[in-house]
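Peer 1: One structure follows; several queries about it will come next.
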Amino acid sequence: ATSFARARRGRTTSRADAGADATSPNDVAPLDFNGAIRAHARTHDCATPMSATVVRDMALGDGGTDVALVQRLLGLRASGVYDSMTASAVRAWQRSRGAPASGYFGARAREQVAAEEELWRAAGGAGLGEYLRSG
């Protein structure tokens, strides 16, 4: 695993569990898989990792459902457009993981999301998606 992934190992809480200070650049801001799975469960088999739907690099001006997923994971309103607010949230998230804070969502960020999702699923998070799909 990369040092970026190692910095995150063992943390599987949702943003709601982390409290109000989770967005501080000095805190490790957990990704909100609990919130993002709700939208994912509407269109995907929950056995499909959410991170598998994010397969391209993203920067200012990009748009799509993958951008909306990243926004949901970061606790933002999911507009589907990679705007300055998204770039700022990505920079804060990167900084919290000890990665260069570029605001660019590339291969290293995708690897980190996949590693964090794997921990979330191992902690039982995927069960929420199955429950939402069945209801």
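The values are calculated or read from the model by the stated rules, or taken from the named source; none is laboratory data. Because the structure is predicted, anything quoted here is derived from the model rather than measured. Neighbour counts run over all protein chains shown; Cβ positions are idealised from the backbone, glycine included. These accessible areas exclude ligands, DNA and RNA; they are computed on the full protein's heavy atoms, side chains included. Shrake-Rupley method; radii C 1.70, N 1.55, O 1.52, S 1.80 Å.
Peer 1: Go through region 46-99 and report how many residues are modelled with pLDDT under 95, open to solvent by 50 Å² or more (accessible area, probe 1.4 Å), over 19 Å from residue 125 (Cβ atoms) and not in a helix (DSSP H, G or I).
Peer 2: Total meeting the criteria: 3.
Peer 1: Which one of these does residue 27 not meet: (1) modelled with pLDDT of 60 or more; (2) part of a loop (DSSP other than H, G, I, E, B)?
Peer 2: So residue 27 meets the others, but not (1).
Peer 1: Restricting the search to region 30-45, which residues are among the acidic types (Asp, Glu) and at pLDDT 75 or above?
Peer 2: First, the residues of region 30-45 that are among the acidic types (Asp, Glu): 32, 45.
Of everything in region 30-45, just one residue is among the acidic types (Asp, Glu) and at pLDDT 75 or above, namely 32.
Peer 1: Looking at region 53-77, which of the residues that are of a type in the set (A, V, I, L, M) and under 12 Å from the mean Cα position of the chain (by Cα) is farthest from residue 107 (Cα to Cα)?
Peer 2: Quick first cut of region 53-77, residues of a type in the set (A, V, I, L, M) only: 54-55, 58-60, 67-70, 73-74, 76.
Retained after the next criterion (residues that are under 12 Å from the mean Cα position of the chain (by Cα)): 54, 67-70, 73-74, 76.
Details: 54: 10, 67: 14, 68: 17, 69: 16, 70: 13, 73: 16, 74: 17, 76: 21 Å.
Taking the candidates together, the pick is 76.
Peer 1: Please state which of the following conditions residue 134 fails to meet, knowing it meets all the rest: (1) within 17 Å of residue 39 (Cα to Cα); (2) open to solvent by less than 50 Å² (accessible area, probe 1.4 Å); (3) modelled with pLDDT under 95.
Peer 2: Result: residue 134 passes all but (2).
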